[in-house]
Structure formats: structure tokens, C-alpha cells
Amino acid sequence: MKKRIMHPKKQLREILIQSLEQARGRGELDFQDLPGFEVEEPKQAEHGDLATNLAMVLAKPAKMAPRKIAEIIIKNLTAPEGMLQKVEIAGPGFINFFIEDSHWHRVLFEIHDQGPAYGNCDLGAGRKVQVEFVSANPTGPLHIGHGRGAALGDALANLLAAAGYKVVREYYINDVGNQINTLGKSLYFRLRELRGEKIEFPEDGYQGDYMKDLARNYLAAGNPPPSSAPTEEEFVPLGRYAGDVILGGIKKDLEDFGVSFDRWCRETDLYRQGLVEKSFARLQEKGFLYEKDGALWFKSTAFGDDKDRVVRRSTGVTTYFASDIAYHFFKFQQDYHLVVDIWGADHHGYVPRLQAAVEALGCQGQLQVILVQLVSLLRHGEPVAMTTRGGTFVTLREVIDEVGKDAARFIFLTRRADAHLDFDLEVAKTQSPENPVYYVQYAHARLASVFRQAGAQDLQVPKPAPALFPLMKLPEEISLLKMLAHYPEVVEAAARNLEPHRLTYFLTELASQLHSYYYKHRFISEDLPLSRARLCLVQAVQTVLAHGLRLLGVAAPETM
RNA sequence: GCGCCUGUAGCUCAGGGGACAGAGCAACGGACUUCUAAUCCGUGGGUCGUAGGUUCGAAUCCUACCAGGCGCGCCA
């Protein structure tokens, strides 16, 4: 006996299939395979609560006019008592279904039973997913673009967990290669500069002010001063030192942004564990490596890449790509059903070769790369220059301090990943209506206030009960109930498509309907049964708002 | 030159084969003796970049072109 109540949409889909089987059994319809069809909420209210294009997609295989097919489907329909109020054929052959208002009330039972878990689903069926995100090199503080990746990755991980996946959040640290040397060299020259020497700061050095701070702290901690004759050997420990300090800062920024990781994977560990050589051996064995011009190449063209790629230079040093091959080889050894990498869109050219490597290695499971477009930073509508060189880039730290974690996260999550984003610091900072995060949070806080008020009057929020339902018949109430019933599908679709922004839009709409309802109708009044019914309904609304905000990593405040 | 992303209302963006294209902001006009006005109600506003094509049906798919962004290393 299943306790779970089926959403009307799924229920209707099954009823339609039954109808088709029956019609076919009776010889009224003749077709081979059932084509894909939609059951969805029409945009127009006159078109009912749910509609299907089933008759239209069946026109060709059944060799019959859509409206005729629609008639046959309707004739064979057997819906449960009290579900369907009216069924119509419309337009070119849509079948429109009008659901009885009373049918929608049942969602309240489900929300009450599942509580904070309402909205979760079992799409993932416990399979393992890894989300790797941010992964900024430890050569400087996180900037606003990393913030967007962080918000997206974290929300996505939350979303996948809610959808029944076992999620691991991972940050990949590039601590190998000449960038660490360059970092050491940058620190070295800042140290000498601090000693009052006139120095020529290296062209390729990291010029940001944070390196000056780092140099000061380095000396303040009593570390040995720089020599006068620099050597590569001297840069290495300095680079390692700087990298560690910067990484510490990154961790702190992420923590304050509400983002945590389950694992931090260091590139050096991949080498230490011999994974680079192991992945090479695997590729060699499958015949996808060859030598040319003294270098070792991966035959990525065999998998659709534009050209083959070097994995070991003629100098004997492996490339960044080699590390990434090893890293993904390692990832897929851990039985991930899905590995999601979130990268800045400026790395898009890198996708084909990595996909090629994953395929060549014969990994079980799927790699999906999400490219997040860069953020254009504005202040009062004017572009803010973002150059590392000029030292005018805005860090994630500054954004957190200036606009706050919640507003920043929400704004990042109101755009599709592949849409460019204009982030206006002044707009994000103000609590103006231009800033939607407060609109949604306010709905939650407003309800909390209502419940406090009810509590003060000894008015309990009742459990859902059929006796309450006749008291929720206003259009605003039915409309809210429909949205609540729709919510789990939104979560599932957002998870399936790896698109957290769908949640942001849903929540804004739900908040809008709640505010409107609140304004038009008093929840707490002299009429006690009516008050109880409304409290019961809006408590369900609050549960859903809280769930959605939690997935976005945005606070659901009790007061504002 | 080649490749990827984007082009939808004045602005920022949803919608990504279905019925007359949506929201927020901005503009304009209204609503606070009220459970929080960080709110609500109303009005105006669009050849969905352009041109072809596929389809019963295209903002959505295909082709070409135009515009913006980003990539095309034995860099990371």
C-alpha cells in the first residue's frame, strides 16, 4: 500500500495510457508504438489545469484526425471519483482537463507528512555523484566569478542530494607547475622590496596587493629573509608557503559564503599516488598515446577533438592536461554515476579533449561539464574594470562584506549558467524591490510573524483534515495549492537538467502569490475555523519556501 | 580564419516544438486605523537579431548571414 499521493499530472498520464490500451483493445484505435507525449500545465487558465497533446502526436501513427482521436480517448477515460471536473477538446486537438478543486487539497497531507523533506525525490536512487567546483588556483584570492561558480556548485550539490543522489563536493587544487614557482618569485621580490630595495618586479609575477600583505606577514612570523641572489631553489618553498596561506584565505571566504567541501584534492597527490603514470599506461594499452617531436601525445582526435594534445613535453615535464586526465581517471575509479565539473566559460575549448580522455580511458559513468559564463561587474550601472594587473578586481570577500552572502547567492542563481550575468554591486546591496532575494525571504519571515501572532492568541496550526478543505476555496488558495503540488516536479526537473535557477524562479512566483493572498485576505480573524484552515495552508507554503531556500543556500529568516 | 556561448519589452532576464510570448525593474496611476507597505492593485510597452527551410504548428529545430562575448599553446 503506497502512502505517497501521486501528483495529478503523473496520475493523469497513467489514466491516459489506460484509455489508449482500452481503445486499442476495442479496435477503436490502431497504432504500433506510443509516441512521446506531454502532459502539462497550460499557460491559459481557460485551457484547464492540465492538457495533453496526445491526440495530436497520435494523428500520424493512428492515421486519424487529432480531434477524432481525442474523442475516442475521452470516451475510454476512467478517472477516479472526484478528480476530473470537466474534459474538453480544444484547438487543433488538445485535450484539456479541469481538475476538481477538492482534489488539490490532498497535497497538504503530503506536505504535512514529509515536512522538511517535501520536495525531495528519488531520481538518483542513491547513486554517487561528484560535483567539482571553484577549484581556483591558489595564486590569489577568489573573485566574483569564482563566487558565481561557488553558488552554482553548492546549490547544485544540494539539489542533487535532495533528488536522491549521494553527493561528494570536491575542490581541485593545482599546486604543481610553474605557477607555484611564479608565486614564490613574486613573494621573493615583494620581500626585497619590503627591505627597502629598488627591485624590478617580474613581468609575469602576481602583482596584486595581497602579495604585499603576504610578504609583510611572512616576515612578521619570523621567517628567514630573502637572499640577495635569487635562485629557483629559493622560490619553491616561498611558493609553497604563499600557496598555503592563499588557500587558507580561499577556504575562509568559501566558508563565509556558506560553501563547504567534502574533499580537497591536490594535484601533487595525483603524482604521489602514481595516478599520472597509471592513466598513461591505460591510454598506452588502448593505443591512444604516441611519440612525436620528442613529446608524448594523446590521440584526442579519435574522439572528435580538433587536434591531438601533448601530455608530456619534450622537456620531460607533463602538462596540465596530463594531470587532468589522471584526476578524472581517479574520479571514475570511485564509482561515480555522474561527475559534474563546473568551469569558467573561458575554458570551454578544453571540454572536447577532456571528454575524449574520459572516453579513451573507458570510464564507467558520465562526465558533464557545466560552463558558467563570466560575470560583468557594475556599480551604479557603470562597468567596473576587472584586471588582475591593475589591481582593481573585486574579490568574493568584498562582495560578501558589501552585499551579503544571501543576496549574492540569490543573484548568481537567477541566471542560467550559460547566460552572461551583470552584477551591480549597488543594486545587490540595496534592499530595493530590484533585489528579489528579500522578496522571497520576506514571504518566509512574514509567515513566521503570522505564526507568532497566532501563538500569542493560542491559535494552533491544525493538521490537514478534510473538514478544513471547504474553507480553502478562494482562487488564491487553489492557485497556491497547485503551486505546492507542482514543487516536487520543479526540484526533479532542476536536478535532472542541472539547473538550480529553476528553483529561484519558482520561489519568486510562490512568494508573489503568497504576498498577494496575504494582502487580500486576513489569515487570523474572528472566524476560528477559517483562521485554522488558512494557517494550515500557509504553513505548507512556508515549508516549501524554506525547502527551496535551503537548496539555494540562502537563509530563511524568521524575522526581517 | 575555425569552434563554443549569447541575441526575447526602455533595462536585467525566464520560456528551448504546441493554443493570443512571460516576470521583475524602470514609467505612469492608485492602496498603510491591518497578521511586518522589504507588501499589494491597476495601465501602457515586443516583426522573439535578419533571411530562408523543416513541420498540422517554430521564440524554440536546421542552414546562411549580422552583432556581442569567449576560446583556438609542448600555458595553467
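The values are calculated or read from the model by the stated rules, or taken from the named source; none is laboratory data. Bear in mind the structure is a predicted one, so any value in this text is a computation, not a measurement. So basically every Cβ, Gly included, is an ideal-geometry build from the backbone, and we count neighbours across all protein chains shown. Areas reflect the complete protein model, heavy atoms only, side chains present, ligands, DNA and RNA absent. Shrake-Rupley method; radii C 1.70, N 1.55, O 1.52, S 1.80 Å.
Evaluate the Debye formula for chain A with equal point scatterers sitting on the alpha carbons, no solvent, and hand back log10 of I(q)/I(0) at q = 0.06 Å⁻¹, in q order, two decimals.
Evaluating at q = 0.06 Å⁻¹ gives log10 I(q)/I(0) of -0.43.
What ³J(HN,Hα) values, in whole Hz, does the Karplus curve 6.51 cos²θ - 1.76 cosθ + 1.60 give for the range A:441-453 when θ = phi - 60°, with x put for Gly and Pro?
Values per residue, Gly and Pro as x: 4, 5, 4, 5, 5, 4, 5, 4, 5, 4, 5, 4, 4 Hz.
Quick one: if the Förster radius is 51 Å, what FRET efficiency do A:E382 and A:R522 give, using the C-beta to C-beta distance and rounding to 0.05?
For R0 = 51 Å, the calculated efficiency reads 0.65.
Taking θ = phi - 60°, what integer Hz values does the Karplus form 6.51 cos²θ - 1.76 cosθ + 1.60 yield along the range A:202-207, in sequence order, with x for Gly and Pro?
Each residue of the range A:202-207 in turn: x, 3, 8, x, 8, 8 Hz.
Could you sort A:162-175, A:231-244, A:330-343 so that the peptide with the highest average Cβ count within 10 Å comes first and the rest follow in order?
Taking the mean over residues of other Cβ atoms within 10 Å, the ranking is A:162-175, A:330-343, A:231-244.
So with the 1.4 Å probe, I'd like the accessible area per residue for the range A:142-275, rounded to whole Å².
With all protein chains present, the range A:142-275 gives 44 Å² per residue.
At q = 0.14, 0.19 Å⁻¹, what base-10 log of I(q)/I(0) does the Debye formula yield for the range A:249-313 when every alpha carbon is treated as an equal point scatterer in vacuo?
Calculated log10 I(q)/I(0) at the listed q: -0.62, -0.79.
What percent does the relative contact order of chain A come to when contacts are Cα pairs within less than 8 Å and at least six residues apart?
15
Once you treat every alpha carbon in the range A:415-481 as an equal point and sum by Debye, what is log10 I(q)/I(0) at q = 0.24 Å⁻¹?
-1.15
Just to be sure I understand the model, the point goes 7 Å from the Cα along the line to the Cβ. What's the resulting A:E255 to A:V317 distance in nm?
3.4
I want to verify the translational diffusion coefficient of the range A:199-349 in µm²/s; compute it with Stokes-Einstein, Rh as the Kirkwood radius over Cα pairs, at 37 °C and 0.692 mPa s.
172
List the GluC sites (Glu not before Pro) within the range A:72-134 that DSSP assigns to loop and that have no more than 16 neighbouring Cβ atoms inside 10 Å.
A:E81, A:E100
What's the extension gain from A:N223 to A:Q366 if we count 0.36 nm per residue and subtract their Cα-Cα distance?
Additional length available on full extension: 46.8 nm.
Within the range A:467-505, what residues put their amide N at less than 19 Å from the label point 7 Å along the Cα-to-Cβ vector of A:Y442?
Zone members listed by number: A:504-505.
Taking 41 Å as R0, compute the FRET efficiency from the Cβ-Cβ separation of A:R550 and A:D33 and round it to 0.05.
0.45
What accessible area per residue, rounded to a whole number of Å², is obtained for the range A:434-552 using a probe radius of 1.4 Å?
42
Size of the dipole of chain A about the Cα centre, Lys and Arg at +1 and Asp and Glu at -1 on the beta carbon, nothing else charged, in debye to 20?
So the magnitude is around 920 debye.
What is the helix-to-structure angle for A:144-162, meaning the angle in degrees between its Cα long axis and the longest Cα principal axis of chain A, kept from 0 to 90 and rounded to the nearest 10?
That helix lies at roughly 50 degrees to the long axis.
For the pair A:K43/A:K307, report the inter-label distance in nm, with labels modelled 7 Å from Cα in the Cβ direction.
According to this spin-label approximation, the distance is 4.7 nm.
Stretch A:R452-A:D418 to full length: gain in nm at 0.36 nm per residue minus the Cα-Cα span?
Extra length from A:R452 to A:D418 when fully extended: 8.0 nm.
Enter the angle in degrees (range 0 to 90, nearest 10) between the Cα long axis of helix A:275-285 and the first principal axis of the Cα atoms of chain A, meaning the one along which they spread out most.
Compared with the principal axis, the helix lies near 80 degrees.
Using a 1.4 Å probe on the protein chains only, how many percent of the accessible area of chain A belongs to carbon and sulfur?
Whole-percent figure for carbon plus sulfur exposure: 51.
Using only the alpha carbons, work out the radius of gyration and Dmax of the range A:161-249 in angstrom.
Over the range A:161-249's Cα set, Rg and Dmax evaluate to 16.5, 60 Å.
Give the whole-number value, in cubic angstrom per residue, of the convex hull volume spanned by the C-alpha atoms of the range A:434-552.
Once divided by residue count, the hull of the range A:434-552 is 104 Å³.
Considering only A:A51, A:L34, A:I99, whose Cα is most displaced toward the positive end of the charge dipole of the range A:8-99, charges sitting on Cβ of Lys, Arg (+1) and Asp, Glu (-1)?
So the residue furthest toward the plus end is A:L34.
Along the positive direction of the dipole of chain A (beta-carbon charges: Lys, Arg +1; Asp, Glu -1; about the Cα centre), which of A:L159, A:N178, A:A428 reaches farthest?
Sorting the options by dipole projection puts first A:L159.
For the pair A:K75 and A:Q114, what calculated FRET efficiency results from E = 1/(1 + (r/R0)^6), where r is the Cβ-Cβ distance and R0 = 25 Å, to the nearest 0.05?
0.10
Please compute the Cα-Cα pair-distance distribution of the range A:107-167 with 5 Å bins starting at 0, giving whole percents from short to long.
4, 17, 18, 15, 15, 12, 9, 6, 3, 2, 0
Pairing the Cα long axis of helix A:178-194 with the longest principal axis of chain A, what angle in degrees results, from 0 to 90 and rounded to the nearest 10?
With both axes taken from Cα atoms, the answer is about 60 degrees.
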